[in-house]
Every structure is written in structure tokens, then in C-alpha cells.
1. Using the Karplus curve 6.51 cos²θ - 1.76 cosθ + 1.60 with θ = phi - 60°, what ³J(HN,Hα) values do you get for each residue of the stretch 118-129, in whole Hz, with x for Gly and Pro?
2. Using a Cα-Cα cut-off of under 19 Å, which aspartates and glutamates could be cross-linked to Lys443, ignoring same-chain neighbours fewer than 8 residues away?
3. Given R₀ = 51 Å, FRET efficiency for Lys444-Thr78 by Cβ-Cβ distance, to 0.05?
4. Could you pull out the pairs from Lys265/Lys289; Lys346/Lys486; Lys376/Lys542; Lys444/Lys525 whose alpha carbons sit more than 23 Å apart here?
5. For Val300, list long-range residues whose amide hydrogen, built 1.01 Å from N in the peptide plane, is under 5 Å from its own amide hydrogen.
6. Starting from the Cα of Trp95, move 7 Å in the Cα-to-Cβ direction to define the label point; list residues of the stretch 25-53 whose amide nitrogen is under 13 Å from there.
7. Please give the contour-minus-distance gain from Ala512 to Asp57: 0.36 nm per residue of separation, less the Cα-Cα distance, rounded to one decimal in nm.
8. Arranged by the count of other C-beta atoms within 10 angstrom, fewest first, what order do His435, His411 take?
Amino acid sequence: MTTMTQQLQKRLMAAAVELFEECRTSPPTVRVEMPSDPKFGDYSTNLAMQLAPIVKDGPMRIAEKLKATMGTMPGIATVDVVPPGFINFRVDAAWWPAQPTAILKAAKDFGAVNIGQGQRVIVEFVSANPTGPIHVGNGRAAFIGDTLANVMEQAGYKPFREFYVNNAGNQIDILADSVVRRAFQLQGVKVDYPDELYQGEYVKDIAKRLHLKQYKVRPPQELRERIKGRVVDLMVAELQRVMEKKAGVKYARWFRETELYEKQKVVKALDVLRKKGLLYEQDGATWFKTTQFGDDKDRVVVKSDKSYTYIVPDIALRWDRFAQRRFDREVILLGADHHSYVSRLKAASAAIGHPGKIEVILIQLVRLISHGQEVKMSKRAGTYVTLEELIDEVGLDVARFFFLMHAANTHMDFDLDLAKEKTDKNPVFYVQYAHARICSILKKAKAAPLGSQQPLADPSAVTLVKELLRLPELIEEVAVSYDVHKLPFYAMRLAETFHVFYSRVRVIDQGAVNPAALELVQATKLVLAKTLKLMGVTAPEKM
């Protein structure tokens, strides 16, 4: 289904290219929006103001030229140019009633756009160290990343969900040491357990599952090295269980950092930098010319003892994703504490010949709040609340919806009391109830005869149609901006708009079904269910 927005964008672009040579060499981004205030028309564009500094003319004159060149369009009743250069379009009154039919004809394809044009995009999210359970902060990233991938797919991209497992480095040694010491404590062997080791019941669980033999003295380093792989396997399996079985997030690949070393990807990536003249030797170490990519100083990649520094796997992973697996782009979700990490990733990408292909979303902190106080309810993790505990407490639908309601770059207070509400105060309940109510209406309509076709004269019908038609625009917007928090608010607004419509228009009147009203209700069900599906939230038929 081609929406009016898309039709107007196409016609405006054609007019701009016909009128201005500058638009032929560098086509503008044509934005068409549905104004919230009807006095500005049904659709509006600021294209003339965008073009003014480019074509060196006044926006009002440009707008008039665009209007004249566009000519008439089916479904458009009037076109007005208003200061300082907006072009406002009013739709023919007969056009609105035909849209529910078009939505139902498009069915599952309604809302789909093709701005991605098949680009392959890595969407990496959570990527927690396999040294402890998934906590609520990880959960926020999980639901934002998963939803973003859903939206990008609808926008014509080919998203690839990847979990990057940091299973190399000192933190894995500490985890293995924690498990070994806990295993000996469980067997009655007195060993010290320093504070810097990992705490929580999960360490004890792993120790029990490994069935380590009892030693009379603290085990040597060889034992720790021997069990590291098994410990990581158990932790990754647990992470996968929580993400897939509890959080409903399925990754296309769990990529382990150690693969970069085992398959010589680190060596090959550094060879690429060496051939580009970006590495040099100094003081027995190998240095990377990161100052060429905006860093304040060059960075060591290979220390004098021949060990690699923290930046090396980042370089190798960029090489693997862009040069080897041929992805077009990366979108990576990181905790806000990784702010300094962003420039490092972008420098690594640019250095291996793929500048501008990484976009980073920083996820701010989450607090659980009940009765105005922060809640610390974890028993499993030792120091934080796990995502599994939260889902068990409030349910998956609520967890996903609540996390998605807040922009990633804002701190979030998760209201546990509101999350447990089973009333209209709870936004998840409110939206799901609207879907269930629609299902109930449609069930009743099935048992009633069809009446004569009557136009929907009440303004609430047009308002509802307009809201339905916003979905394709929203999908395109979120796929570009990554503002997935706009989805739950759209769902709430759509539910509210439907409730107003239903309070004013009878679908079944005097025992017979109004076909036009029925079709609009069916279209609303389709759009609301699709919006919930994008967020990974269920659309219940009963509540």
C-alpha cells in the first residue's frame, strides 16, 4: 500500500528535480508530516524552506513553484502555500473512507517501507560479560535492541541480531578463580574468598555443576585455566536461556571474543593497519596512529611483552564484520558508562577502511521504584536485580512495554507498583484491553447481519483513520532515529483514539452491522496488533 505521505514525497521530489538543477545532483530529503493541528491541513511539508539556502531563492517563491509544478493529485482537494514557506495539503473528504479498505488489503504488509533497500545491518545489544546474570540495565538494552531490529526489518533493512561475548581477559580469570574457590568452600576446604571475586548464588551454582575434585590446598593456576572454558560455556548457556526463554529475544549469532584470536582475525586486522602505514614501533611496543582519527594521542596495540591491549579486539571485530562478513553498517547499544568507547569504535572502523559505518546508542541507568523508594530485591546476583527476577515479578509484556516507554538517553525509574496494576492506569493493560475489546466487537459482529452501507459522518472516524495511517511514517522515522520509545506512545494514542471512536459510533446498530464501521474496526485491530508485535508485546483476544 502506497500511503499519501509516500505519494506526496514522490511528487514533491519530481517537482524539485524538474525545477532545480541542484536537486538533480543532490536530491533533498523530502519530509511530509501529518500536522497535529488541522488548521495546517492534513499533510504538510517544509521542503521549500530546506531548498531556500541551496537554490538561493525565497521559500515562499519556491513553495509556489513546487505547487504549480506538482499539478493536481488524486485524493488531494486543496494545496495552500503559507508563510514562511510551508505547503499544506487537504485531502478530499471521499478519500478517508477508502483507507481502511486499503489497509486491510495490504494486510501484514501495511506499514512496511523500503528506505533500507536491503542493507545488511548488525544490531549488537546487551553483550554483557559472561561473568554474572543479565541485570535490569541489560534488559533495557535487550528490549530496545530487539524492537529496533523489528522496526528496521519493516523499513527494508536486513538486521542481524548479534550478542558479542567478552570471554577473554582478566574478568574471565576472576570468574574461574571465584568458581574454584567456591567449589572448595562447598567441600569444606578452608580457602580465602577476597572481595574482588564475584559474589552471588550463581557462582555457587556453577561450582556445584562442575563437580571439581577436592584438593587439600588452594588449586594451582592450571586448574583455573583448565575450567575457564567450561565456566564460560555454562554462563553463556545461562545467558541464552534468560534471553530466549524469559525475555523472548533470539539472536542470530552469539559471537565469542576468543574467535578473534583463535581464527587469526586479530593478526589479519593488524596486518591491514600495518599495510596502511598506521602502525609503528616505539619503546618495544607497537603503536596505532589513532590521532589521525580524532584521538588525543596514539594508542599502544601490542605491548612490549607482546600481549594485546584492549583496543585490538575492537579493531579485529570491525574487520571481521565489514571486510569479511560484508555488513553494511553496525548499530551498537552500550551502557552510558561506555561513552568514551564510542570514539574508539569509530576510529577502528575508519582505520580499516570503513568510516561512518558505526552508530552507537548509549543506554542510561535504570532504578526499580516502589512506594517512592528504590527497590533492591535480588538474591541471585548479590549486587543487582536480575532481568529474570523482574520478568517473574511483573510479566514479560509489562517489562518490555515499560522499558520501551523511555528514550534510551534518559535515566529511567521503573514503577513496580504501576507495573502490577491491572487497570487502565497501567499503559500496557490499557493498550492490550483496546485490542481485546476490538476482538470482542468483531466476534459479536460475526453473529449479526450486515446492514446497508452508511458513511461514517462522525469526525472521530476520520481522526482514527489518520492515526492508523501514521504507522508507516512512524516505522520510517524510528528506523532512522532509533527512537523506539515512540512506538508505545503511538500504541497508547491509537488505543485512546479508538475508544473515542467506539464511544461515538455504533458498529452494530439496531441489530445490524454498519459495514463501514466494521471495516474501520478491523483495520484498527490490524494496526494495533502490528504495533504490539513490533515491540514484542502480545495482543490478547481476551482479558
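1. x, 4, 8, 10, 6, 10, 9, 8, 6, 6, 6, 4
2. Within reach: Asp509, Glu519, Glu541.
3. 0.80
4. Lys346/Lys486; Lys376/Lys542
5. Correct list: Phe288.
6. Flagged as within label range: 33-35, 41-45.
7. Gain on stretching Ala512 to Asp57: 157.9 nm.
8. His411, His435
Readers should treat all values here as calculations from the given coordinates under stated rules, not as data from a laboratory. All values reported here derive from a predicted model rather than from experimental measurement. Backbone-built Cβ (ideal geometry, glycine too); neighbour counts: all protein chains shown.
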